[in-house]
Every structure is written in C-alpha cells, then in structure tokens.
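The values are calculated or read from the model by the stated rules, or taken from the named source; none is laboratory data. Small disclaimer: the values here were computed from a predicted structure and weren't measured. Glycine gets a Cβ as well: all are built from the backbone with ideal geometry, and neighbour counts include every protein chain shown.
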C-alpha cells in the first residue's frame with residue numbers, strides 16, 4: 001500500500017476495520033504513484049469502478065473525494081476524475097538581485113509563467129472602494145496612510161495558467177491578485193481601466209517610482225468564494241500575501257493582495273546577504 005494510507009493493523013498485529021472507500025482510495029493512489037496513471041490521465045469512471053469492485057456509487061465518490069482532498073486528483077465537471085498536473089513553475093515571491101528591474105519587482109508571477117513556457121490568462125476588473133476595507137487583518141487606509149473616508153482604486157485579477165493546451169488542469173484559477181491604490185493618485189491613468197497596465201510603470205510616470213515593499217504571508221483555510229474560483233476541495237489551505245510597496249520617500253503607494261493555491265505549489269524567496 002502507498003505510504004499515505006492509514007495503518008493496516010492495530011495493536012498486536014490485529015487488522016483494523018477500514019471502510020471500503022478507503023481501501024478503494026488506496027488502490028487508486030497506488031496506481032497513480034506507480035505511474036499506471038500519469039498527470040492529466042483520466043481515471044476509471046464511477047460506473048466502471050462500481051462494476052469492477054461491486055461497490056455503491058457513494059463508495060466510489062468517497063474514494064475520489066479522499067484523493068481530491070490530498071491534491072492527487074481533480075474533478076472536471078461532466079468529464080470525470082483526472083490525475084492532477086502539478087505546477088511546472090516555481091513561483092518566486094521576490095526577484096533575485098541582478099535581474100532586470102521593472103514590474104517583476106512588484107509581482108514576478110507573469111515572468112514565472114513565461115519562464116516555464118506556460119500561457120497566462122487574466123480576467124481583470126476595476127472598482128472603487130472605501131479605504132476602510134480590511135486586508136489580511138489591517139484596514140487599507142492604515143496600510144496606505146490614507147485619511148478616514150478616503151477611497152481606493154482596486155484592480156482585481158483572476159489569474160489562470162494553461163499547462164497543457166486542454167481544459168484538464170484549468171478547471172480553476174491559479175491565483176487571485178488584487179492591487180489597491182490611493183484613488184486620487186491613479187484615477188486618470190491606465191490602471192483605472194480593465195485593460196493591460198503595469199502598476200510599476202504607471203507609478204513611475206506619476207513620479208512615485210517603487211523602491212521597496214514589505215510582505216506579510218500567512219497560510220489559512222480558503223473561503224467559500226476562494227474555493228469556487230480556485231476549484232479547491234471543501235477544506236483547503238491557501239497562501240495569502242499582503243505586499244505593501246513604497247516610493248523613495250518611504251510612502252506606501254500600492255497594496256498587492258494575493259491568494260494562491262497551496263496544493264503542490266512551490267514558492268521561493270531569494271535572500272542576498274550584505275558583503276563586507
């Protein structure tokens with residue numbers, strides 16, 4: 001049996017009772033880990049497993065639910081169950097020193113997608129909100145140093161990656177990324193429209209070139225809306241990032257709030273130590 005399965009015996013070597021769906025999940029898991037079913041392969045249908053093992057529909061569903069929750073399998077509506085493709089990209093949460101400066105300093109996701117030979121898909125919307133909205137436990141007005149009653153412009157982006165050229169693996173978004181700006185600073189710029197726009201470039205043209213940022217990271221349980229958008233199982237963990245970037249005077253000018261999948265994803269930081 002695969003290493004993830006529960007103990008096969010109790011004290012004294014007496015076999016423990018295990019539900020049928022758990023044993024079926026063990027078989028499917030072993031087939032995936034042995035390579036019989038590879039990334040993106042369609043797994044046996046519910047009807048096929050019912051007939052082959054003489055079990056009920058709920059038993060098969062329970063087995064697949066376990067594997068979905070483990071991140072091994074994904075359910076594609078009206079198509080069945082597939083072996084999940086793990087991300088080919090390592091997502092950098094900062095850009096190593098020496099790389100070309102630019103928008104990747106604020107958000108390296110587009111560069112990481114391109115470096116992995118993947119195709120990004122973005123759904124952008126723009127809204128105006130009150131600065132009292134709370135991001136990762138702190139009001140936006142506090143993060144951006146705004147007065148009470150101030151407004152912010154937010155660019156909400158649902159980001160997806162096509163890893164294979166087909167719909168498998170693209171049932172949900174890769175991540176959610178929102179950028180918050182003081183409204184008066186960007187109201188008449190390209191950031192106020194849902195088309196392509198670089199926050200780094202727009203702020204530089206406005207005389208507010210970014211000089212650094214502070215990150216707050218925390219893993220947490222996904223909300224119902226995040227589970228829907230990211231096509232996550234019922235109980236799933238996401239990585240939440242709140243990045244507050246400032247200009248040369250140390251004044252904060254943008255808050256980047258991202259929610260990223262935590263199933264099989266690799267996130268990296270590059271830290272350079274000062275020389276003597």
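Tally time: how many residues in the range 31-43 are touching a strand residue (DSSP E or B) at 6+ places or on another chain (Cβ under 8 Å) and not in a helix (DSSP H, G or I)?
Matching residues across the range 31-43 total 7.
With a cut-off of at least 2 residues that are in contact with a helix residue (DSSP H, G or I) (Cβ under 7 Å, 6 or more places away or on another chain) and assigned by TED's automatic domain parsing to the domain that holds residue 115, name the helices (runs of 4 or more DSSP H) lying wholly within the range 153-271.
199-205
Can you tell which of 41, 48 is surrounded by fewer than 19 Cβ atoms within 10 Å (Cβ to Cβ), at pLDDT 90 or above and within 25 Å of the chain's Cα centre (by Cα)?
41
Of everything in the range 78-92, what is at negative phi, at pLDDT 80 or above and part of a loop (DSSP other than H, G, I, E, B)? Give them in sequence order.
79, 84, listed by residue number.
Could you list, in sequence order, the residues of the range 105-138 that are in a loop (DSSP other than H, G, I, E, B) and either surrounded by fewer than 16 Cβ atoms within 10 Å (Cβ to Cβ) or in contact (Cβ under 8 Å) with a residue 60 or more places away in the chain (or both)?
Step one: filter the range 105-138 for residues in a loop (DSSP other than H, G, I, E, B), giving 106-108, 116-118, 131-133, 136-137.
Of everything in the range 105-138, those that are in a loop (DSSP other than H, G, I, E, B) and either surrounded by fewer than 16 Cβ atoms within 10 Å (Cβ to Cβ) or in contact (Cβ under 8 Å) with a residue 60 or more places away in the chain (or both) turn out to be 106, 107, 116, 117, 132, 133, 136, 137.
Out of 235, 221, which single residue is without any contact (Cβ under 8 Å) to a residue 24 or more places away in the chain and within 16 Å of residue 69 (Cβ to Cβ)?
Of 235, 221, the one residue that is without any contact (Cβ under 8 Å) to a residue 24 or more places away in the chain and within 16 Å of residue 69 (Cβ to Cβ) is 221.
When you go through (1) closer than 24 Å to residue 189 by Cα; (2) under 17 Å from the mean Cα position of the chain (by Cα); (3) at pLDDT below 90 one by one for residue 162, which number turns out not to apply?
Every listed condition holds for residue 162 apart from (1).
Please work out if residue 137 is more than 26 Å from residue 74 (Cα to Cα) and modelled with pLDDT under 95.
yes
From the residues in the range 139-150 that are free of Cβ contacts under 8 Å to residues at least 40 places away in the same chain and surrounded by fewer than 18 Cβ atoms within 10 Å (Cβ to Cβ), which one is nearest to the chain's Cα centre (by Cα)?
For the range 139-150, the residue satisfying everything is 139.
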